[in-house]
Each structure stands twice: as C-alpha cells, then as structure tokens.
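Participant: Take this structure, written in structure tokens, and hold onto it; I'll ask about it next.
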Amino acid sequence: MSRLLLAGATGLVGQATLRRALASARVRQVVAPTRKPLAPHPKLLNPVLDFEALPPDVEWWRVDAVACALGTTIRDAGSQDAFRRVDHDYPLAIARHAHAHGAQAFALVSAMGADAGSRIFYSRTKGEVENALGAIGFTSLTLLRPGLLGGERVQHRGGERWALRVLGALDPVLPKRYRIVPAERVAQALLDAAMDAVPGQHVIPSEHLLG
Ligand SMILES: NC(=O)c1ccc[n+]([C@@H]2O[C@H](COP(=O)([O-])OP(=O)(O)OC[C@H]3O[C@@H](n4cnc5c(N)ncnc54)[C@H](OP(=O)(O)O)[C@@H]3O)[C@@H](O)[C@H]2O)c1
C-alpha cells in the first residue's frame with residue numbers, strides 16, 4: 001500500500017481523484033496540501049498552507065507517488081505570471097520536494113497541445129512544466145493531456161460553459177481527440193498512473209481518456 005501526495009484536491013479533477021484515492025485499497029494514506037481545509041477522513045493528512053511558502057523539510061513529503069491536478073486560468077489568476085506560478089512553478093516545487101524525499105512516481109494533469117515550443121502561452125507553459133518534470137529523475141512520469149474537461153463544476157467559467165455546450169452538441173460527429181473528457185476518467189487515469197508507477201515517461205492523449 002502506498003502513500004500518495006495529491007496536489008489540487010479541491011478542484012474538479014482533484015476532488016474526483018481524492019474520492020477515488022480514499023476509497024482505494026492500494027492507497028494507505030493521502031497527503032493533500034490545500035489552501036482551504038478538506039473534510040476530515042481517517043486516511044487523509046491535509047496540511048493547509050500557502051503554496052508560496054511550501055515547507056522544504058516536513059515528514060509529509062515522504063510519499064511513494066504524487067498526483068498533480070493543480071491549475072488555474074489566466075483570468076482567475078489575474079496575469080500570465082500568476083498563472084505560471086500555479087501551473088508551472090507549484091507543480092515543479094512539489095515534484096522536487098517529493099522526489100528529494102524519495103517519491104518514485106509523478107503523474108500530472110497537463111493539457112492537450114502542451115508544447116514548450118508553442119506560440120500559445122497556455123500550451124507553452126504546460127509544455128515547459130512537462131519538460132522540467134522530465135528532468136527531475138522520477139522512475140515513472142505520466143503526463144495526461146486531456147482536452148476540454150466535463151463534470152459538475154461549482155463555479156463555471158463563462159467561455160468554458162459555451163465551449164462545453166458547443167462541443168457537447170457536436171460530440172457524436174467530432175473526432176475522438178476533440179471530444180469532452182469526463183473529469184472522472186481523468187481522475188482514475190491520474191490515480192492509476194501514480195499507483196502503477198510504470199517505469200519511464202508516458203504521455204496519455206485526450207482520446208485515451210474518454211469513457
Ligand atoms: N478545464 C479544462 O477544460 C481543462 C482542459 C485541459 C486541461 N486542464 C488542466 O487540468 C488541470 C485540472 O483542471 P481542473 O479543471 O480540475 O482545475 P480546477 O477545478 O480549477 O482546480 C484547480 C486546483 O488548483 C488549485 N489552485 C488554483 N490556484 C491555486 C493557488 N494559487 N494556490 C494553491 N492551489 C491553487 C485549486 O485550489 P482552490 O480550490 O484553493 O482554488 C484546485 O484545487 C489543470 O492543470 C488544467 O489546466 C483543464
């Protein structure tokens with residue numbers, strides 16, 4: 001049984017991952033650092049903190065695997081720099097701390113189109129974090145690249161709601177890679193990747209995350 005660190009446990013994918021991890025016989029304990037407290041659970045350790053001040057040397061970095069579902073939007077974050085802190089700097093800081101404390105596996109929810117050479121800031125940031133994670137030295141690294149996520153979001157974002165409607169209507173005729181990806185499927189794939197810890201670097205494209 002493994003000890004899993006889950007980053008982003010309050011988000012759409014993160015909440016689904018947390019539920020599955022707490023119910024999984026493969027997971028001994030979930031360490032889920034968040035900025036708002038989670039509901040208590042006997043298998044959950046929930047450090048509540050500011051991600052700008054991650055403590056470098058605490059016992060809870062000692063995990064077997066990390067699942068990262070952190071993320072924001074440029075609009076919510078307020079600037080490109082603030083977006084990059086959440087989608088690039090925080091995942092990398094978490095990866096480095098956990099790796100330094102013995103973690104062997106890391107799984108990241110990245111995004112379709114992630115590419116460090118992209119002219120699109122969002123895709124470039126996702127590509128850069130993927131590349132930087134690859135250089136850390138995990139035995140197992142899995143990069144999930146979903147397209148638009150579907151699921152019950154408490155706070156829906158304007159543009160995303162429209163995209164979900166349009167893509168939802170077109171779903172039967174769209175090529176698989178452009179279809180809406182259920183957040184629950186991404187959560188299961190994220191947890192499986194972290195727990196299976198298959199050696200090497202793996203990229204999971206959107207079409208492999210569909211139901
Ligand atoms: N939405 C899509 O259609 C889509 C498509 C492809 C890829 N993705 C990627 O998939 C990943 C997960 O997406 P999602 O929709 O599940 O995300 P989400 O619902 O917005 O959740 C994001 C998580 O990141 C945390 N977070 C955001 N800003 C933070 C900050 N400043 N400090 C600490 N934690 C912070 C949130 O915590 P709080 O609850 O405290 O805010 C939450 O736990 C993201 O990396 C996203 O880029 C999304």
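Participant: Can you give me the number of residues within the stretch 48-59 that are within 16 Å of the ligand (Cβ to nearest atom) and surrounded by 14 or more Cβ atoms within 10 Å (Cβ to Cβ)?
Facilitator: Going through the stretch 48-59, the residues within 16 Å of the ligand (Cβ to nearest atom) turn out to be 48-55.
Add one more test, that the residue is surrounded by 14 or more Cβ atoms within 10 Å (Cβ to Cβ), and what stays is 51, 54.
Residues flagged as within 16 Å of the ligand (Cβ to nearest atom) and surrounded by 14 or more Cβ atoms within 10 Å (Cβ to Cβ) within the stretch 48-59 amount to 2.
Participant: Right, next: Residues Gly102, Gly117: which one is within 29 Å of Ser24 (Cα to Cα) and not in a helix (DSSP H, G or I)? Give the derivation first.
Facilitator: On the way: Gly117 fails: within 29 Å of Ser24 (Cα to Cα).
Result: Gly102 is the single residue among Gly102, Gly117 that is within 29 Å of Ser24 (Cα to Cα) and not in a helix (DSSP H, G or I).
Participant: Shifting gears a bit: Show the residue pairs that are 6+ apart or on different chains and have beta-carbon atoms under 7 Å apart, the first residue being within the stretch 109-135 and closer than 18 Å to Leu149 by Cβ, the second being among the acidic types (Asp, Glu) and at pLDDT 95 or above.
Facilitator: As it stands, the answer is Ser110/Glu130; Ala114/Glu130; Ser123/Asp115; Thr125/Asp87; Lys126/Asp87; Val129/Asp87, since those pairs meet every condition given.
Participant: Oh, and also: Quick check on my filter: what residues within the stretch 80-109 are touching a strand residue (DSSP E or B) at 6+ places or on another chain (Cβ under 9 Å) and within 9 Å of the ligand (Cβ to nearest atom)?
Facilitator: Tyr90, Pro91, Leu108, Val109
Participant: Here are some residues: Thr125, Thr142. Which one is in contact with a Lys or Arg (Cβ under 6 Å, 6 or more places away or on another chain) and at negative phi? Walk me through how you get there before you give the answer.
Facilitator: Working: Thr142 fails: in contact with a Lys or Arg (Cβ under 6 Å, 6 or more places away or on another chain).
One residue alone meets the criteria, Thr125.
Participant: Could you please find all residues in the stretch 8-42 being away from the ligand (no atom under 14 Å from the Cβ), small (Gly, Ala, Ser) and surrounded by fewer than 17 Cβ atoms within 10 Å (Cβ to Cβ)?
Facilitator: Ala23, Ala25 - these are the residues of the stretch 8-42 that are away from the ligand (no atom under 14 Å from the Cβ), small (Gly, Ala, Ser) and surrounded by fewer than 17 Cβ atoms within 10 Å (Cβ to Cβ).
Participant: Then there is this: Assuming Leu144 fulfils every condition listed in (1) away from the ligand (no atom under 13 Å from the Cβ); (2) assigned to a strand (DSSP E or B) apart from one, which condition is it?
Facilitator: (1)
The values are calculated or read from the model by the stated rules, or taken from the named source; none is laboratory data. Just so we're clear, the structure is a prediction, and the values are computed from it rather than from any experiment. Backbone-built Cβ (ideal geometry, glycine too); neighbour counts: all protein chains shown.
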